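The values are calculated or read from the model by the stated rules, or taken from the named source; none is laboratory data. Just so it is clear, the structure is predicted and the values come from calculations on it, not from any experiment. Positions of Cβ are backbone-derived with ideal geometry, glycine not excepted, and every protein chain shown enters the neighbour counts. Only protein heavy atoms, including side chains, enter the accessible area calculation; ligands, DNA and RNA are left aside. Shrake-Rupley method; radii C 1.70, N 1.55, O 1.52, S 1.80 Å.
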Amino acid sequence: MSTSAAEPLLALSNVNTFYGQAQVHFDLSITVGRGHIVCLLGGNASGKSTTMKIILGLVKPRSGEVMFDGASLIGLTTPQIVRRGIASVPEARRLFADMSVRENILMGAFVRNDRGAVAQDLDKMLTLFPKLGQRLSQRAGSLSGGEQQMVAMARALMSRPRLIVMDEPTMGLSPLYVDRVLELIRTINQEGVSVFMVEQNASLALEIAHEAYVLQTGRIVLSGAARTLKDDPRVRDAYLGGSEAA
Amino acid sequence: MSSWLDYTINGLIVGNVYALVAVGLALIFGVSRLINFAQGSIYLVGAYIGWVAVVQLHTPLPLTIIFVAVAAALVGLIIERFGLRPLQNSVRIAPLLATIGISFVLDQLVMLTFSPNPRALPSQLPDIRFQIGGGTIGPLDLLIAGVGISSALLLFVFLRYTKLGWAVRAASQDRDAAMQMGVDVNRVNQTVFGIAAALGGVSGLLVGMYYNQIDTAMSLQATLKGVVAEVVGGAGNVPGAVIGSLLLGLVESYGVAVFGTSYRNLFAFLLLVVVLVLRPNGLFASARQAPPEPLTGTFIAPSRPVRIPRWALAVAVAAFAILPLLPVSFYILQTLINAWLLGMLALSLTLVAGTIGQVSLGHAALLAIGAYTSALLSLTLNIPVGLAIVAGGLMSAALGTILISPSFRLRGHYVSIATLAIGEIVSLVILNWESVTRGPIGISGIPPLSLFGYDLISPASVYWFAYAVMVVLALLQSRLLGSHLGRSFRAIRDDDIAARAYGLSLNRYKSLAFIFGGFAAGISGGIAAHLYSYINHETFNTQQSILALTVVILGGLGNVVGAIVGAVALVGLPEMFRIAAEYRILIYGIVLLLLVRFRPQGLLGTI
Ligand SMILES: Nc1ncnc2c1ncn2[C@@H]1O[C@H](COP(=O)(O)OP(=O)(O)O)[C@@H](O)[C@H]1O
Ligand SMILES: [Mg+2]
């Protein structure tokens, strides 16, 4: 099977999602190009996290298609999707609180069977996230929010994914860690991993993203290159206003 | 006279046995947030498989243990695959009810296969005892300790050093996150059910050998003890379950040393209630930790209730009222009298479990309180029976509510455990409080039903009496449900946090529900006492609590008409088809399983 380089890595097309009677997505279409950072912006309860869950197979859409690397993800279980090469940094990090930092990071390699290479990747994570070195045997639940975010990112990288999906990676972090996390996302991306991230903090996300989509109560209302969106008055009005004031 | 050291040794050995059950419960709770009420049944199955191996196949001891572990694990895998996995996306109550149904089915299958009579299970070990200090210890004690310790070690190694063990730990801490790491949660569930069942089965085998006797009553006892130990240690906490078990074994053993054998279980359940009230997360959880999810949220299947036209209801009520005037057999009247009594209990439970969402598993205790009050008042104080029954209802309302009030702060499955324990405590107090309740002898010669000086002896008069009381209670309850109070009850059931935010006092409303429910159940118990003329501490047992729950689910939780229809169906249908008594419980279990799987909202729908 040949996949052309122009074909997007991930494509959601005309996705409609419901929780019971309530519709959360209306004909949602999003593409993530190979090697790109794509950002999904939107206010509270606009359906951002649900988009992540659709990609990961945690929520099933009522209609629509989700293609990853040329193959449909619809009907696959979450573990199967993970094995296809998608890793996640969930909302609020969701570490295994009673397991050690080391165990948490290694859980990220759960789908791999090459022990030696996994050990090497763990070392690599410690150079990427040097602070975690002294914390390896500590309970993950005892770390600060910023440190937990580092663990969550290291954990996601351990599966050697082609795509990482991140749900509000900067939420609740101190400004110092926010910069650090954005920097790391850029680094990860430069190593060839595509990134799809959800953010409320539009101005920061647009700094590092290639493309962005704006979601409003389940509908994409704007999309395009991050550079152009940054100057788009509609984004300004809708989303940047709040964060600039803050 | 045994020494303290002997009691300590005995406590630790028994604690080891409990640990084998409780660790399985903890593993399952960790991964599925489910209290597996079928765990005791697997223990029972293990004991009987062991009996087959020892007595019929004459296997050597190591082979017996392996044989039991493998066979029990298979049973566990079957339960997980066919009983629970189909319920993954159902309401929270579904898997809990399913394990109750499975446990009924397993217990009854064992009983039908092996007869309910106890059997001897020889220990296969030499009957010698070694002196140590002031006590003695035998080879079987050492075997039990050895199995307990080596199981714990194996489990530790498994959880800490194998990939599947990591998956189990990760899934028990955050199921969704574990899935996002590629963990197959079904496989994890299978694993923990297999391990839990193997340990539980071996535990049953060892207990059978320890007491050289097995019988089918072991099952419920094992579940209860395992749950106590697990909750004391902190639900889902595996090392906690081990420590909780040893503690439980010691508390029981010392309690027996001081007060006597009949107090053994009383200590177990008191320990449970104390821990639930003071530290609902168990002794070893940090104080600030929230109770493990999801013990919150809606606990019942939402549905639109079936609308029954008023005239149809009126016709049905009238038809049953004139039934005794028609040439119906004594047998049919007798059956329907039982249905009306069960109907009253179901009214009570459907209010408590359905309308306000407190799934009580100890409702038979309310019957017992009403029955004993009414029987004793009429017998010793010569109070007229009609009045005594009302007093029974009031006593059940008051005492039942007070006894259950410690569980008001609990939620979801914990309410079920607490009410189960409180029900057991009531029955144990009745057993032990001989000066008032006449203890194990029970109360005989209870005067027959009478009203305003007229004895109700004929089946028709008893029928009318029970029927009229039930109809009145049902009408009152319907009024209640339509009122502001009923709406508050449902608000608490659907979202207790929001209800509290709106300023509803949860304790007050839960009390009101239990007062009304306690009254209805107490009246039912009172009538039953005068009808049976003899009662003892086992007349109103957990099996009846579960039967009432099945009735209520069959009719539709919260549904008044449903409760009565359910009672008539569950009492009447087995009679109609002349099903032998020993198959009935099996059928109730199957009905419960089928309902949970295919019609969780019941026949008439939840309200
Ligand atoms: N499990 C669920 N069940 C029902 N409704 C849900 C569930 N999860 C989210 N929702 C609802 O769907 C909408 C979108 O939620 P979400 O995707 O989490 O939004 P966001 O991440 O943008 O804040 C919200 O209105 C939310 O209340
Ligand atoms: Mg979100």
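One table, with the values for the structure above:
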item	result
Residue that is in contact (Cβ under 8 Å) with a residue 24 or more places away in the chain, in a loop (DSSP other than H, G, I, E, B) and either within 16 Å of ligand 1 (Cβ to nearest atom) or of a type outside the set (Val, Ile, Thr) (or both), where the choices are A:ALA11, A:ALA109, A:ALA6	A:ALA109
From the options B:VAL14, B:VAL55, residue that is surrounded by fewer than 22 Cβ atoms within 10 Å (Cβ to Cβ) and more than 24 Å from B:ALA178 (Cα to Cα)	B:VAL55
Residue match in the stretch B:79-86 (condition: among the hydrophobic types (A, V, I, L, M, F, W, C), closer than 10 Å to B:GLY201 by Cβ and open to solvent by less than 50 Å² (accessible area, probe 1.4 Å))	no
Some residue of the stretch B:36-46 being open to solvent by 10 Å² or more (accessible area, probe 1.4 Å), in contact with a Lys or Arg (Cβ under 9 Å, 6 or more places away or on another chain) and not polar (S, T, N, Q)	no
Residues that are within 16 Å of ligand 2 (Cβ to nearest atom), open to solvent by less than 40 Å² (accessible area, probe 1.4 Å) and within 14 Å of A:ALA152 (Cα to Cα), drawn from the stretch A:162-196	A:VAL165, A:MET166, A:ASP167, A:GLU168, A:PRO169, A:THR170, A:LEU173
Some residue of the stretch A:109-118 being more than 14 Å from chain B (Cβ to nearest Cβ), of a type outside the set (A, V, I, L, M) and at positive phi	no
A:LEU240, sole failed condition from (1) more than 16 Å from ligand 1 (Cβ to nearest atom); (2) at pLDDT 90 or above; (3) of a type outside the set (Gly, Ala, Ser)	(2)
Hey, B:GLN190 surrounded by fewer than 23 Cβ atoms within 10 Å (Cβ to Cβ) and closer than 13 Å to B:LEU44 by Cα or not	no
Out of B:VAL31, B:VAL75, B:VAL91, sole residue that is part of a helix (DSSP H, G or I), among the aliphatic types (A, V, I, L, M) and open to solvent by 20 Å² or more (accessible area, probe 1.4 Å)	B:VAL75
Residue count, the stretch B:140-153 (criterion: of a type outside the set (A, V, I, L, M, F, W, C) and either surrounded by 17 or more Cβ atoms within 10 Å (Cβ to Cβ) or closer than 14 Å to B:ASN10 by Cβ (or both))	3
Listing of strands (runs of 3 or more DSSP E) fully contained in the stretch A:22-94 that carry 1 or more residues being crowded, with 20+ Cβ neighbours inside 10 Å, within 13 Å of ligand 2 (Cβ to nearest atom) and within 14 Å of chain B (Cβ to nearest Cβ)	A:86-89
Flag for A:LEU106 being in contact with a helix residue (DSSP H, G or I) (Cβ under 9 Å, 6 or more places away or on another chain), surrounded by 14 or more Cβ atoms within 10 Å (Cβ to Cβ) and within 14 Å of chain B (Cβ to nearest Cβ)	yes
